[in-house]
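The values are calculated or read from the model by the stated rules, or taken from the named source; none is laboratory data. Just so we're clear, the structure is a prediction, and the values are computed from it rather than from any experiment. We place every Cβ from the backbone using ideal geometry, glycine too, and count neighbours over all the protein chains shown.
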Amino acid sequence: MSAPGIASAATTLLSEHRLRMALRAGARGFTQVEPLPRRASQAHRLLIGRTAQQAMALLPTLFPIGAMAHRAAAAAALASLRGDQAGAEPDPRSVLLERMREHLLPVHRDWPLNMGMAPSNSTLQGVERLLRALDSPRPQAEEAVRELVEVRTLGMPAREFLRIDNAADLLRWARSHEELMPARFLAWLSWQPLALGPTELPPPLQPPPARALARYLLGPAGDEFEAYPQWQGVCRESSPWARRHAHPLLRDLARGDAEPAAALLARFAARLLDLAETLLAWRDAGQQPEALRAGDGVGMMHTARGLLAYGMALDHGERITRCVILTPAQWNFHPQGTAPEMLRAIAWTTPRQVAHTASLVACAVDPFVRCDFALPQADAR
């Protein structure tokens, strides 16, 4: 495949991280959501016909978001078929560091923008430099990461933040750390007049057994499962909230579902909890990234966005004959996924207010999927 072809596929993939949805008033006063057609992903087809080593080298150019997690999941899938390592798989610490970076970027870029505030350029520059910490001496690397996570983001040691176990204490933390942008955002969100009605959201997705997932991903209906995934007959949510939903803080926020901002607060808070947990795992040099599971041609990896899964098949010459990739967005933006269900729960007030709440919903569910909301031609005041 020529370089221009690869570049074109990567550009297509990035455009697929933009979704267009039409929002309009529904019959009961809530929002009607209509996804507009978009081109299905073709980037994974560039892996077909390649050897494992060639595929591993190509993946970062196809998937610039979560590149190391993609390599780790693909390597696990291929290793389960070959009985050895596929080669060029990333170091576990680099996977964890990438996950921290992909938590920190939306926290410090998108959260302030949702409040109408400018992000901190110095903090964003530090986040962009984060992956270079692997090339630094360990004490310097740990101090750089600690400063970004525990000083600029949490305002306390990660273990202490993880002990916050109820909504009242989370809001106390937010109000007492308003010099920190993440805390200021959660305090701001807690008093926003969000017109969100009650809704039943999908249950959390837990990593399925690899053999069972292989039957869906690599079976005759694999393409349909990839496009509209369900597990045990229902759509699921794949996100930091899904991974951490049993944490006492998130359970307490779930009990406040009658509060309009509770579901949003839970998902933003889950990102901070996952960031703290990931920092602790990264400090433990011998700890593997959690839930790296493989078997029967399937590899799974937790990312900052949710669970990533690869299904692979090889021919006798050990070239890839099939590749199916299941990303968190395919769960969360499913027609019955968390994002559309939360959008449908927005009470229709004015187009401008609906668009603002819809932007918060999209950011809470997956900040790397940019949603363009088409609104009726009406007074947007």
With R24, R71, R38, R101 as the choices, which residue is of a type in the set (D, E, K, R), at pLDDT 85 or above and over 30 Å from E147 (Cα atoms)? R24
Hey, could you check region 222-253 for residues that are free of Cβ contacts under 8 Å to residues at least 12 places away in the same chain and surrounded by fewer than 13 Cβ atoms within 10 Å (Cβ to Cβ) and say which is nearest to the chain's Cα centre (by Cα)? A246
Between S120, S94, which is of a type in the set (S, T, Y) and farther than 23 Å from L189 by Cα? S94
Please verify whether region 132-146 includes one or more residues that are assigned to a loop (DSSP other than H, G, I, E, B), surrounded by 14 or more Cβ atoms within 10 Å (Cβ to Cβ) and in contact (Cβ under 8 Å) with a residue 40 or more places away in the chain. no
Would you check if there is a residue in region 83-94 being under 30 Å from Q192 (Cα atoms) and either without any contact (Cβ under 8 Å) to a residue 12 or more places away in the chain or not in a helix (DSSP H, G or I) (or both)? no
Given the conditions (1) touching a helix residue (DSSP H, G or I) at 6+ places or on another chain (Cβ under 7 Å); (2) outside any loop (DSSP other than H, G, I, E, B); (3) in contact (Cβ under 8 Å) with a residue 40 or more places away in the chain, and given that P202 satisfies all but one, which numbered condition is not satisfied? (2)
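Residue by residue, here is whether (1) surrounded by fewer than 21 Cβ atoms within 10 Å (Cβ to Cβ); (2) in contact with a helix residue (DSSP H, G or I) (Cβ under 6 Å, 6 or more places away or on another chain); (3) at pLDDT below 95; (4) not in a loop (DSSP other than H, G, I, E, B) holds:
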site: M312; (1), (2), (3), (4): no, yes, yes, yes
site: T321; (1), (2), (3), (4): yes, no, yes, yes
site: Q336; (1), (2), (3), (4): yes, no, yes, no
site: L343; (1), (2), (3), (4): no, yes, yes, yes
site: V354; (1), (2), (3), (4): no, no, yes, yes
site: A358; (1), (2), (3), (4): no, yes, yes, yes
site: D372; (1), (2), (3), (4): yes, no, yes, yes
site: A380; (1), (2), (3), (4): yes, yes, yes, no
Can you name every residue in region 104-155 that is over 19 Å from P240 (Cβ atoms) and among the aliphatic types (A, V, I, L, M)? L113, M115, M117, A118, L124, L131, A133, L134, A141, A144, V151
Among the residues of region 173-182, are any surrounded by 15 or more Cβ atoms within 10 Å (Cβ to Cβ) and touching a Cys at 6+ places or on another chain (Cβ under 7 Å)? no
Quick one: in region 215-243, of everything that is of a type outside the set (D, E, K, R), within 22 Å of A362 (Cβ to Cβ) and assigned to a helix (DSSP H, G or I), which residue is modelled with the lowest pLDDT? A227
Take A269 and tell me if it is closer than 30 Å to R159 by Cα, of a type in the set (G, A, S), out of contact with any strand residue (DSSP E or B) (no Cβ under 9 Å at 6 or more places or on another chain) and modelled with pLDDT of 90 or more. yes
